[in-house]
1. What helices does the chain have that are whole DSSP H segments, at least 30 Å long along their own axis by Cα, and with mean Kyte-Doolittle hydropathy of -1.0 or more?
2. In the chain, with Lys and Arg counted as +1 and Asp and Glu as -1 at Cβ, which of these residues, Gly147, Ser91, Ser168, has the Cα nearest the positive end of the dipole, that is, farthest along it?
3. Between Ala116 and Asp82, what length in nm is gained on full extension when 0.36 nm per residue of separation is reduced by their alpha carbon distance?
4. Classify segment 68-171 as rounded, prolate or oblate, taking a ≥ b ≥ c as the square roots of the eigenvalues of its Cα gyration tensor: rounded when a/c is under 1.5, otherwise prolate if a/b is larger than b/c and oblate if not.
5. Kindly put Lys151, Lys120 in sequence by how many other C-beta atoms sit within 10 Å of each C-beta, fewest to most.
6. Return the inverse of the average 1/r over all pairs of distinct C-alpha atoms in the chain, which is the Kirkwood hydrodynamic radius, in Å to one decimal.
Amino acid sequence: MSAPAIRAVLSRPRLLLPVLSVAATAAWGLSVAAGYTFTFDQGIHRLALSAHVLAMVLAFGSVIVVDWVGFLWLIGRRGLHDTSRLESAASPLIWIGLAGLLLTGAFIHPDITSTATQVKMCCVLGLMLNAISLIPVMRGLHALPSGTMFKEVAANLRARLLLALVLSQAFWWTAIVIGFANSMSRR
């Protein structure tokens, strides 16, 4: 598919989320399949594991900052557009970090027979799909007047934001704890 054709598909709001969700799921599936199929020597494994941790720090660090400023907006300590501007600036870092996690995950040969590893991998997929589902929500927030307070936002939108925050943090922390536990047990 050519670049103009891809832009045309992604510019249609109804198609954006399904296309991005399928792409994220496919990338995740390729990473899992490659990680299961290929085994690399210890030097490559260590390098990939180091890059995996760096990608996690980039993505999760950005998520923490966005979620923190969003929380400050929720309690009335920051303006809506502080959150929106930060989210716009941090999104590329989050997605670069997630892409790095998928790429490096393919080189660390995770034990996909382990229930904990399966949970971790599902959390990674869940956090990507959660982030994709927030795209129209964030567009809606960007369209609101800058002085809009959290309590002034429609109840269904507030509930969606809170659910996304809880899911994001639950997925991230679960994946991180399992990842570090797995890494320590492989020593």
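A short reminder: the numbers here are calculations on the coordinates, not readings from a lab. For clarity, every value in this text was computed on a predicted model and none was experimentally measured. All Cβ positions, even for glycine, are placed from backbone atoms using ideal geometry, and neighbour counts span all protein chains on display.
1. Values: long enough: 13-37 (36 Å, 1.15); 42-74 (46 Å, 1.49); 80-105 (35 Å, 0.72); 155-185 (45 Å, 1.09).
Qualifying helices: 13-37, 42-74, 80-105, 155-185.
2. The residue sitting farthest along the positive end of the dipole is Gly147.
3. Working: separation 34, 0.36 × 34 = 12.24 nm, distance 3.72 nm.
Answer, rounded to one decimal: 8.5 nm.
4. prolate
5. Values: Lys151 9, Lys120 22.
The most exposed by this proxy come first: Lys151, Lys120.
6. On the way: mean 1/r = 0.0561 Å⁻¹.
Here the Kirkwood hydrodynamic radius works out to 17.8 Å.
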